[in-house]
């Protein structure tokens, strides 16, 4: 079972978490706290719409454009069927490495793929290969 990510963990945990990796990549800790708070606030409002959009699809594929460190996927994955596959794209390779490492820690690496690419190059991906496309920015 995946561990929920929340802003409280970012502050007080002595365990190594994705937040430790974020701190090196993010401009400052305040940015990290804002990102985590946004995900904590937005996901509960969107989860029903996401589940409705994917209803009836046996093995859904979700694309996150500008996924950064994958925080949204990492929180979303436990809420969706294990057959759901995630592909995140971003221009920042250090954030993608954080995303890959955290997906491994959470035991969902086999469901996630993180690619360094620009949203303008989406034509490199197969047409109709995603059931849902997300963009947080």
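What follows draws every value from the coordinates through simple rules; no lab data is involved. Fair warning: this is a prediction, and the values are worked out from it, not measured in the lab. All Cβ positions, glycine included, derive from the backbone under ideal geometry; neighbour counts span all protein chains shown.
Order by neighbour count: 87, 98, fewest other Cβ atoms within 10 Å first, most last.
Least to most surrounded, the residues fall as 87, 98.
Label 7 Å along Cα→Cβ of residue 42; region 93-137 residues with amide nitrogen under 11 Å?
Backbone N within reach: 134-137.
How do 55, 94, 111 rank when sorted from fewest to most other Cβ atoms within 10 Å of their own Cβ?
Numbers: 55 8, 94 14, 111 17.
Going from sparsest to densest Cβ surroundings: 55, 94, 111.
For 33, 116, which order do you get if you count the other beta carbons within 10 Å of each Cβ and list the fewest first?
Listing 33, 116 from fewest to most nearby Cβ atoms yields 116, 33.
Provide the FRET efficiency to the nearest 0.05 for the residue 91-residue 58 pair, computing r from the beta carbons and using R0 = 41 Å. Mind showing how you got there, number by number?
Numbers: r = 32 Å, r/R0 = 0.78.
Calculated transfer efficiency: 0.80.
Which values of log₁₀ I(q)/I(0), to two decimal places, follow from the Debye formula for region 51-129 at q = 0.12 Å⁻¹ with a uniform point scatterer at every Cα?
Treating every Cα as an identical point scatterer, log10 I(q)/I(0) equals -0.32.
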